[in-house]
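Chemist: So that we are looking at the same thing, I have put the structure below in C-alpha cells.
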Amino acid sequence: MIERISPYSQLQTTAPAQKKQTGGFGSVLQQKLQENENGSQVAFSKHAIARAEERGIEVTPELVDQLSGSVERAQAKGVTNVLAFDATRAFIINVPHNRVITTLTQDEMKENIFTNIDGAVLL
C-alpha cells in the first residue's frame, strides 16, 4: 500500500514555526498604527542615501518635511512617482511607498531625461 503525503500537511506544520511575532494581535496592531502615524515622513532608500552622500546633498529635517509635503500633494492628485525639485537638487519619490528613490544635483538635471514619473512638484 502506498502512503501519500500531502504537500499541505508539511506547510501546515512548518508555517507557524516560521512566523515569530513578539506579541499578540493587540501589540502588532498598535505597532502598525504607530507606523502609519509616523509614516507621513518620507524615507530614503539605500540607493538615495548613497547618491545624496556622493553628490553632497545634505538631508536636513527641513528637507524631509518639504519632501513629505510634496508626497502628500502628489498623493492627493493620484500620482505614483513624483519628481520633487528646486533650483539645485531633485528627488524622485515613489508616492505609495513614501520613499525617495534617487537624488540629483543641478548639474545632473541639465542633461537628464526623467522617465517613469507621472507628476512633478516644486519644493
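Only the coordinates and a few stated rules stand behind these numbers; no lab work does. Note that the structure is a prediction, hence the values are computed from the model and not measured. Cβ: placed from backbone, ideal geometry, glycine included. Neighbour counts: every protein chain shown.
Chemist: Subtracting the Cα-Cα distance from 0.36 nm times the residue separation, let me have the gained length for residue 105 to residue 86 in nm, one decimal.
Modeler: Taking residue 105 through residue 86 to full extension adds about 5.9 nm, to one decimal.
Chemist: Here's a follow-up. Rank these for me by crowding, 40, 68, going from fewest to most other beta carbons within 10 Å.
Modeler: Neighbour counts put them in this order, fewest first: 40, 68.
Chemist: Find the Cα radius of gyration of segment 37-109, compare it with 2.2 N^0.38 Å by division, and give the number to two decimals.
Modeler: Output field value: 1.01.
Chemist: Using 1/(1 + (r/R0)^6) with R0 = 25 angstrom and r between the beta carbons of residue 75 and residue 49, what's the FRET efficiency to the nearest 0.05?
Modeler: After rounding, the FRET efficiency stands at 0.65.
Chemist: May I pose another question? Can you give me the convex hull volume of the Cα atoms of segment 69-119, divided per residue and expressed in Å³?
Modeler: Normalising the Cα hull of segment 69-119 by residue number yields 68 Å³.
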